[in-house]
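Written out below as structure tokens is the structure these notes cover.
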Amino acid sequence: MLNRLTIQQAHDGLKKKEFSSVELTRACLKRIKERNKDINAFISVFEKEALDEAKKADELISGKPFGKAQGKQKALTGIPFCVKDAINTKDRRSTGAAKILDNYVPPFDATVIKKIREQGAVLLGKNNCDAFGHGASNENSMYGPVKNPHDLTKVAGGSSGGTAAAVADDMCVFGIGEDTGGSIRQPASFCGVVGLRPSYGRNSRYGIMPMASSLDTVGPITKTVEDCAIVEEIIVGPDELDATTVQNHKSKIINQKSLRVGVPREYFSAIGGPAFGGNGMDGEVKKLIERKIERLKDLKTCPERSRRITIVDVSLPMTKYAIPVYYIIVPSEDSSNLGRLDGIRYGVRAEAENLYDVYAKSRAQGFPEEVKRRIMIGTYALSAGYYDAYYRKAQKVRTLIIQDFNQVFNNVDVLLTPTSPFPAFGIEEKKNDVLAMYLADVFVGAAALAGLPAISVPAGKTKSGLPVGLQIIGPRLKENLVFHTAKLIENYAH
Ligand code: GLN
């Protein structure tokens, strides 16, 4: 059962030589073999390469010489992880879950992956996801949907559904996902694990297949808050290959003097309700989140430091525009970014054996419906005559959403909301209802538009055993506060 370990436990066990990295990696590979045929969380598994990397890690830990690589055990030495397939990995196939890149093998690692591998982690494989991150259920993958490990008839969420499912089902120790408008947090909540969307500009996006460049982020999906902070600490920081990265990036878990937790009332009432085309919040989700809020209230003080906790009712009136704004801005930027995938570059023609093969990997055949839809919506919204009415207007409303958050953060340290209005839904349930699928992002879109850090932590399960996630949103670059609150909920608010 080594595959069940957290990063912290795996690191300690490897250090004390209670087990080897090869044993740990084998345990994960065995779990993948047993479960992946049902869950479909992986597009590629690199068994041989992973075992080679694990062997090297063991040599390093035991101090056996093996050339230049000999050194000290690092934070992630010998710990197996997996990566969303929309993130580039050197010499390892990276498809973005679209057939147009079916045979694409990048010659470089994304910066965050480079940093993780430099810490000695073992790359197990690449995770299924909605193609290029477009979706909230993982049903927009051209490699089939990911099933939820807690109930195989339900979706795992999206778009980083394969990564969340792999972490939840102990097929790996941790994973790396991408979040443009909820793709780390929502699948983390559906699968019952921890997922952080970092502040915009905190982690380098170099090597992430771009979706909407003014929103894209990359972050960890883990079994505990502690693990999430460990990985974030490793991948954070400026990168000359991503001009949006910032210098200020303190992320250690700190203890605040007092903690003022804002609960935005709109998340519990109107948005997501019939006026916006949704069915409102699921009763069981509401109860579980409210229970956590009550428990925080009961705590009154932070246990370790006896500091005051206050719960404050706040309002974010502009949040109701988040979905319409998001679904103008994101397809617009998508349509521009996806222009590079023309069916000619990225290995397609070079590897194609015949003309049919080229056609099969063309834009017509190589993109799923949702990708084509976004290219068309975005091209329309950006075209002459419509740009002012759509893209520019959406950007203006985005500023109002940002101002809304700035205002509440004058009075509270963090915000607490549900991650999703409902637990995992059925496979095929929303697949053909595009607007219902877009509305699944109703609680995760606003923080993304504002570039804020937000984490999803498990908040319990429904009667039928489906996990529910709680979201904590913090001010920009205040990941420390987000982690601090998340830890309180994880450790004490039961
Ligand atoms: N559901 C969102 C969308 O389809 C999530 C995207 C993301 O975060 N990558 O746009």
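Could you tell me which of PRO210, TYR391, LEU29 has its Cα farthest along the dipole of the chain towards the positive end, charges placed at Cβ (Lys, Arg +1; Asp, Glu -1), taken about the Cα centre?
LEU29
Using a cut-off of 13 Å between beta-carbons, work out the net charge of the residues near ALA322 (Lys and Arg +1, Asp and Glu -1, ALA322 not included). Working shown, then result.
Numbers: positive: LYS320, ARG398; negative: GLU266, ASP404, ASP441.
Charge balance near ALA322 sits at -1.
Calculate one ³J(HN,Hα) per residue across region 376-393 by plugging θ = phi - 60° into the Karplus curve 6.51 cos²θ - 1.76 cosθ + 1.60, and present them in order as whole Hz with x for glycine and proline.
6, 4, x, 5, 5, 5, 9, 6, 3, x, 10, 3, 5, 6, 10, 4, 5, 5
So how far apart, in nm, are the two label points at TYR380 and LEU400 if each is 7 Å from Cα heading toward Cβ?
2.3 nm
For region 427-463 and region 168-224, what is the centre-to-centre distance using only Cα atoms, to the nearest Å?
A separation of 13 Å, based on Cα centres.
What order do you get for 179-188, 205-214, 307-316 when each peptide is scored by the mean count of other beta carbon atoms within 10 Å, highest first? The partial results should precede the final answer.
Values: 179-188: 33.3, 205-214: 22.2, 307-316: 15.6.
Most protected by this proxy first, the peptides run 179-188, 205-214, 307-316.
Counting other Cβ atoms within 10 Å, which trypsin sites (Lys or Arg not before Pro) in region 404-494 have at most 11 and lie in a DSSP loop? Provide the component values of the computation, followed by the final result.
Numbers: sites: LYS430, LYS431, LYS461, LYS463, ARG476, LYS478, LYS487; in loops: LYS430, LYS431, LYS463, ARG476, LYS478.
Passing both the DSSP loop test and the Cβ count: LYS463.
Place +1 on the Cβ of every Lys and Arg and -1 on the Cβ of every Asp and Glu in region 150-197, take the dipole about the Cα centre, and give the residue among SER160, THR180, GLY192 whose Cα lies farthest towards its positive end.
Looking along the dipole axis, the top candidate is THR180.
Once amide H atoms are placed 1.01 Å from N in the peptide plane, what residues at a sequence separation of 5 or more from ARG307, or on another chain, have their amide H within under 5 Å of its amide H?
Result for ARG307 returns CYS302.
Any chance you could run the full-extension gain for ARG340 through LYS393? It's 0.36 nm times the residue separation minus the Cα-Cα distance, nm to one decimal. Intermediate values should be presented prior to the final figure.
Details: separation 53, 0.36 × 53 = 19.08 nm, distance 2.64 nm.
Gain on extension, ARG340 to LYS393, equals 16.4 nm.
Given a Förster distance of 25 angstrom, what is the FRET efficiency for ASP313 paired with HIS494, based on the Cβ-Cβ distance and rounded to 0.05?
Plugging the Cβ-Cβ distance into 1/(1 + (r/R0)^6) gives 0.60.
Give, in nm to one decimal, the length gained when the segment between SER62 and LYS372 is fully stretched (0.36 nm per residue of separation minus the Cα-Cα distance). Intermediate values should be presented prior to the final figure.
Working: separation 310, 0.36 × 310 = 111.60 nm, distance 5.16 nm.
That pair, SER62 and LYS372, stretches by 106.4 nm at full extension.
At LYS72 and SER464, where each label point lies 7 Å from the Cα along Cα→Cβ, what is the point-to-point distance in nanometres?
Simple spin-label model gives 5.1 nm for this pair.
Could you give the Stokes-Einstein D for the chain in µm² per second, using the C-alpha Kirkwood radius, 20 °C, 1.002 mPa s?
On the way: Rh = 22.5 Å.
The estimated diffusion coefficient comes to 95 µm²/s.
Between LYS16 and GLU118, how high is the FRET efficiency from 1/(1 + (r/R0)^6) when r is the Cβ-Cβ distance and R₀ = 25 Å? Nearest 0.05. Write down the numbers at each step before the final one.
Values: r = 23 Å, r/R0 = 0.94.
Using R0 = 25 Å, I get an efficiency of 0.60.
Roughly how many debye, to the nearest 20, is the charge dipole of the chain about its Cα centre, given +1 on each Lys and Arg Cβ, -1 on each Asp and Glu Cβ, and no other charges?
Numbers: 68 positive and 56 negative charges, 212 e Å.
Value, rounded to 20: 1020 debye.
Based on DSSP H runs of at least 4 residues, each adding -39500 (n - 2.57), what is the mean residue ellipticity at 222 nm of the chain after dividing by all its residues, to the nearest 500 deg cm²/dmol?
On the way: 17 runs with 179 residues, N = 494.
Computed mean residue ellipticity for the chain: -11000 deg cm²/dmol.
Hey, which lysines would be in cross-link range of LYS16, C-alpha to C-alpha under 24 Å, not counting anything within fewer than 8 residues on its own chain?
LYS30, LYS55, LYS56, LYS64, LYS68, LYS72, LYS74, LYS223
Give me the one-decimal nm value for the distance between modelled label points at SER213 and ARG265, 7 Å along each residue's Cα-to-Cβ direction.
That separation, rounded to one decimal, is 4.1 nm.
Considering the options LEU259, ALA364, LEU101, tell which one lies farthest towards the positive end of the dipole of the chain, charges being +1 on Lys and Arg and -1 on Asp and Glu at the Cβ, about the Cα centre.
The one lying farthest along the dipole's positive direction is LEU259.
Considering only the chain, what is the antiparallel percent among its DSSP beta bridges, to the nearest 5? Each step should come with its number before you reach the end.
Working: 32 of 50 bridges.
Given both bridge residues lie in the chain, the antiparallel proportion sits at roughly 65 percent.
For a quick protection proxy, order the peptides 287-300, 157-170, 46-59 by their average other-Cβ count within 10 Å, most packed first. Present the calculation step by step, with values, prior to reporting the outcome.
Values: 287-300: 15.8, 157-170: 33.1, 46-59: 18.9.
So the peptides 287-300, 157-170, 46-59, ranked by packing, come out 157-170, 46-59, 287-300.
Pull out the extension gain between GLN365 and ASN411, defined as 0.36 nm times the separation in residues minus the alpha carbon to alpha carbon distance; nm, one decimal.
On the way: separation 46, 0.36 × 46 = 16.56 nm, distance 5.13 nm.
Roughly 11.4 nm would be gained on extension.
If I take R0 = 22 Å and measure r between the Cβ atoms of GLU294 and LYS257 in this structure, what FRET efficiency does the formula 1/(1 + (r/R0)^6) give, to the nearest 0.05?
On the way: r = 23 Å, r/R0 = 1.05.
That gives a FRET efficiency of 0.45.
Laboratory data are not the source of any read-out in this text; all were calculated from the coordinates shown. Note that the coordinates shown come from a computational prediction; the quantities given were computed from them, not determined experimentally. Please note: Cβ atoms are built from the backbone with ideal geometry, for glycine as well, and neighbour counts cover all protein chains shown.
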